[in-house]
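The values are calculated or read from the model by the stated rules, or taken from the named source; none is laboratory data. All figures in this text were calculated on a predicted structure; none of them were measured in a lab. As a convention, Cβ positions derive from the backbone with ideal geometry for all residues, glycine included, and neighbour counts pool all protein chains shown. In case anyone asks, the SASA skips ligands and DNA or RNA and just uses the protein heavy atoms, side chains included. Shrake-Rupley method; radii C 1.70, N 1.55, O 1.52, S 1.80 Å.
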Amino acid sequence: MSVLVIVDFLFKPEGVDPFMETMKERLPFARTYEGCQEIKVFRDEDDPNHFVLVEQWESRAHYDKYRAWAMAQPGTEQLVQALERDMTTIYLEKTDA
């Protein structure tokens with residue numbers, strides 16, 4: 001069953017440009033990663049340091065494999081250090097309600 005993944009980031013001001021550059025570099029590949037159905041990046045209109053990724057994956061296992069790859073990439077640790085607070089991830093499955 002597919003899973004909707006929401007990843008919430010709040011960066012220190014100096015982390016915003018590196019995050020945007022990383023997204024521009026990685027997203028073309030990420031969107032073709034096995035199991036990826038869609039990835040969209042949103043920026044908070046009221047807080048330009050706040051970003052939300054909304055991702056649709058074939059399964060949680062597909063997302064977990066992708067996330068392990070992404071976290072192992074060069075530069076990821078620097079982005080993590082530029083966060084104002086830990087990123088949060090929410091996994092949602094569609095109900096029939």
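Do you know the relative contact order of the stretch 18-70, to the nearest whole percent, from alpha carbon pairs under 8 angstrom that are 6+ apart?
30 percent
For Rg and Dmax of the Cα atoms in Å, the value calculated from this model appears in [x] 15.6, 56; [y] 13.5, 43; [z] 14.2, 47 under label [y].
Scan the chain and report its longest stretch carrying no trypsin sites (Lys or Arg not before Pro) that are both in a DSSP loop and have at most 15 other Cβ atoms within 10 Å. List each step's numbers first, then the result.
On the way: sites that count: Arg31, Lys94.
In the chain, the maximal stretch lacking such sites is 32-93.
Electrostatic tally near Lys94: other residues with Cβ closer than 15 Å to its Cβ, Lys and Arg +1, Asp and Glu -1, net -4. The value of relative contact order for the chain, using C-alpha pairs under 8 Å at least six residues apart, is 47 percent. Using the Cβ of Lys65 as centre and a radius below 12 Å, the other residues enclosed give a net charge of -1, where K and R count +1 and D and E count -1.
Would you list, by chain and number, the aspartates and glutamates whose Cα falls below 17 Å from the Cα of Lys40, excluding same-chain residues fewer than 8 positions away? Leaving aside aspartates and glutamates fewer than 8 places away in the same chain, those within reach of Lys40 are Asp8, Glu21, Glu25, Glu55, Glu58. Neighbours of Leu10, meaning other residues whose beta-carbon lies under 11 angstrom from its beta-carbon, give a summed charge of -3 when Lys and Arg score +1 and Asp and Glu score -1. As a fraction of the 1.4 Å probe accessible area of the chain, surface on carbon and sulfur atoms comes out at 53 percent.
Summed over the residues of the chain and divided among them, the accessible surface reaches 65 Å² per residue at a probe radius of 1.4 Å.
The angle separating the long axis of helix 60-71 from the principal Cα axis of greatest extent in the chain is about 20 degrees.
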